[in-house]
Amino acid sequence: MTHALLARRLILAQIGLVSLLGLAATAATGAERAIDKEVVVEATPDQVWAAWTTREGIVGFFAPDARVEARVGGPFQIHFDPQAEPGLKGADDARFLALQPPRMLSFDWNAPPSLPQARQQRTLVVVRLAPVDERRTRVTLHHVGWGDGGEWDRAYTYFDTAWGRVLANLQRRFEQGPIDWRPWLEQLAAQRQRAAKP
């Protein structure tokens, strides 16, 4: 092989490497902002599925009340404050988008009432269940669809923490039993009483 041919091949290889690096950089900067959480739960996939797709299951770990119908388009309405006015209870209008029992469910989601501009829009949550062994299930949660700046950034930060708590509650539910929401509801009632005083 001549020096000229070798030099040409070396230059082409360098150009290819630079192109690949450029594509990788573009993919990295264009990646969708997401929240990803994972936990292993001491329960079978069927048990974890029931926790996510029934009212009784949701009340056991997620919130004090819910309206849940596990069908595409069915309500996945999670009520963190059941006594609040409609539209301010929590995920009042969320819906199931896809269900693949007992492996995957997805639903739309909105920001808390304290972030009204972001709350008017929806994001997407995908929950996947995979058996670790006959008694344990890996639960992964992927939350996407974020805008940029302002309330979007605050909502992202909020849910980055909140989903960790939700999955920790799911673990606790199967290790210690369903969550007792009475202290939470009493705290909300006390806040309402304070707010009502002149």
Pair list, Cβ under 8 Å, 6 or more apart: the stretch 92-108 residue farther than 20 Å from residue 80 by Cα and of a type in the set (Lys, Arg), other residue crowded, with 19+ Cβ neighbours inside 10 Å and modelled with pLDDT of 95 or more: 103/45; 103/129
Positions within the stretch 89-121 being within 16 Å of residue 156 (Cα to Cα), crowded, with 18+ Cβ neighbours inside 10 Å and either under 13 Å from the mean Cα position of the chain (by Cα) or hydroxyl-bearing (Ser, Thr, Tyr) (or both), in sequence order: 91, 109, 110, 111
Search result, residues across the stretch 166-198 that are within 16 Å of residue 62 (Cα to Cα), surrounded by fewer than 12 Cβ atoms within 10 Å (Cβ to Cβ) and basic (Lys, Arg): 182
Neighbours by Cβ (under 8 Å, 6+ apart or cross-chain): first from the stretch 45-56, polar (S, T, N, Q); second part of a helix (DSSP H, G or I) and at pLDDT 95 or above: 47/174
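Among the listed residues 133, 81, identify the single one that is without any contact (Cβ under 8 Å) to a residue 40 or more places away in the chain, farther than 20 Å from residue 53 by Cβ and over 16 Å from the mean Cα position of the chain (by Cα). Spell out the reasoning first.
Details: 81 fails: without any contact (Cβ under 8 Å) to a residue 40 or more places away in the chain.
Answer to the selection: 133.
May I ask you to verify whether residue 178 is at pLDDT 95 or above and either touching an Asp or Glu at 6+ places or on another chain (Cβ under 7 Å) or assigned to a loop (DSSP other than H, G, I, E, B) (or both)?
Numbers: at pLDDT 95 or above: yes; either touching an Asp or Glu at 6+ places or on another chain (Cβ under 7 Å) or assigned to a loop (DSSP other than H, G, I, E, B) (or both): yes.
Spelling it out, residue 178 is indeed at pLDDT 95 or above and either touching an Asp or Glu at 6+ places or on another chain (Cβ under 7 Å) or assigned to a loop (DSSP other than H, G, I, E, B) (or both).
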Count of the stretch 149-176 residues which are of a type outside the set (A, V, I, L, M) and in contact (Cβ under 8 Å) with a residue 60 or more places away in the chain: 11
The stretch 103-151: number of residues that are closer than 19 Å to residue 90 by Cβ and either in contact with a His (Cβ under 9 Å, 6 or more places away or on another chain) or outside any loop (DSSP other than H, G, I, E, B) (or both): 16
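Please verify whether the stretch 116-128 includes one or more residues that are within 25 Å of residue 196 (Cβ to Cβ) and not aromatic (Phe, Trp, Tyr). Walk me through it before giving the result.
Our first condition is that a residue be within 25 Å of residue 196 (Cβ to Cβ); within the stretch 116-128, this holds for 116, 119.
Narrowing further to those that are not aromatic (Phe, Trp, Tyr): 116, 119.
Among the residues of the stretch 116-128, at least one is within 25 Å of residue 196 (Cβ to Cβ) and not aromatic (Phe, Trp, Tyr), which makes the answer yes.
The values are calculated or read from the model by the stated rules, or taken from the named source; none is laboratory data. Quick caveat, the model's predicted, so the values are computed rather than measured. Ideal geometry is used to build each Cβ from the backbone, glycine not excepted, and the neighbour counts take in all protein chains shown.
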